Amino acid sequence: MEFLHRHIEALIFCSPSPLGLDEIQKCLTEMFESEVPKEHVEEAITDLQRKYHEDEFSFALEHLGNGYQFLTKPAYQTSISILLKQQSTKRLSVAQMETLSIIAYKQPVTKTEMEHIRGVNCDYSVQKLLEKELITIKGKSDSIGRPLLYGTSDKFMEYFGINSLKDLPQPKDFNPEENQIGIEKD
C-alpha cells in the first residue's frame, strides 16, 4: 500500500492547482491498468495528511477547492515573504535593460544586430535574459551563418505588466529633452 501513497504524493506535488480525488483515481487506474478503488485513494490521502501534519515538515497536505494541494505551514510565512520580497527586487542591469529594449522593439533580432545598435558585445546580457526567461530563441535567420533570432517571451509581458507588444511605449511617448546627453551648445 506504501507505493500507492508515494504515487499520490507525487501527483499532488506536481499539480499546480488542487488535485481532485477523481483525477487522482483516474491517473492511478490508467497507470496501473487496473481499477484503483476510491476508498484506497481516500485512505492513502488521510495517511499522507497525518504524516505531513507532523512538526518535522514545513508544509502540509491540505484539502481545498475540492482537491488536495501541498501548502506551506503558517509558521513559515515570514521567511517565505522575505524570499519573495528579495526575488521581486532583483533588477535588470543597465546592459540587460538596453539589450532587452532592442529585442522588444526590433524582434526577431540577431545578436549581431543587437551589438551593432549597442556598440558592445551582448553575449552576457543575452545569456542572463535567457536564464531569466524574458527572451526566447525564435528561430534562425536566413542570412549567412544562420544566426539565432531572439524575441521576447510571455514572461517578459508578465514582468513588465503588459498584454501585448503594442502596449510598449512608442518613441513619440518620450520627451526628447529627457533623452539627450550632454549640454547643447549654441
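Annotations for the structure displayed:
- For peptides 158-170, 107-119, 14-26, 137-149, sequence by mean Cβ density within 10 Å, most packed first: 107-119, 14-26, 137-149, 158-170
- Whole-number accessible area per residue in Å² for the chain, which is evaluated in the context of all protein chains at 1.4 Å: 72 Å²
- Segment Phe13-Arg146, length gained on full extension (0.36 nm per residue, minus Cα span): 43.7 nm
- For Lys138, the residues 5 or more places off, or on other chains, whose built amide H falls under 5 Å of its own are Leu149, Tyr150, Gly151.
- The chain: translational diffusion in µm²/s, Stokes-Einstein, Kirkwood Rh over Cα pairs, 10 °C, 1.306 mPa s: 74 µm²/s
- Computed from label points 7 Å out along Cα-Cβ, the spacing between Glu56 and Glu2 is 1.3 nm.
- Acute angle (nearest 10 degrees) that the helix 38-53 long axis makes with the longest principal axis of the chain, alpha-carbon atoms: 70 degrees
- Apolar share of the accessible surface for the chain: 53 percent from carbon plus sulfur atoms, 1.4 Å probe.
- Degrees separating the helix 21-32 axis from the principal Cα axis of the chain, which is the longest one: 90 degrees
- Point-to-point label distance, Lys106-Leu165, nm (Cα→Cβ direction, 7 Å offset): 1.3 nm
- 222 nm mean residue ellipticity, helices alone, for the chain (DSSP H n ≥ 4; -39,500 (n - 2.57); rounded to 500): -14500 deg cm²/dmol
- Sites Glu115 and Glu42 - FRET efficiency at Förster radius 41 Å, r taken between beta-carbons, to 0.05: 0.10
- Note on Arg91/Glu35: beta-carbon distance plugged into 1/(1 + (r/R0)^6) with R0 of 41 Å gives a FRET efficiency of 0.15.
- Here the simple spin-label model places points 7 Å from the Cα toward Cβ, and for Gln49 and Glu23 these points are separated by 1.8 nm.
- Tilt relative to the chain, helix 77-88 - C-alpha long axis, 0 to 90 degrees, to 10: 30 degrees
- Only Lys, Arg (+1) and Asp, Glu (-1) charged, at Cβ; the chain dipole about Cα centre in debye: 900 debye
The values are calculated or read from the model by the stated rules, or taken from the named source; none is laboratory data. What you are looking at is a predicted structure, and each value in this text was computed from that prediction instead of being measured. Cβ coordinates were reconstructed from backbone atoms using ideal geometry, including for glycine residues, and neighbour counts include every protein chain displayed. Side chains included, ligands, DNA and RNA excluded: accessible areas come from the protein's heavy atoms. Shrake-Rupley method; radii C 1.70, N 1.55, O 1.52, S 1.80 Å.
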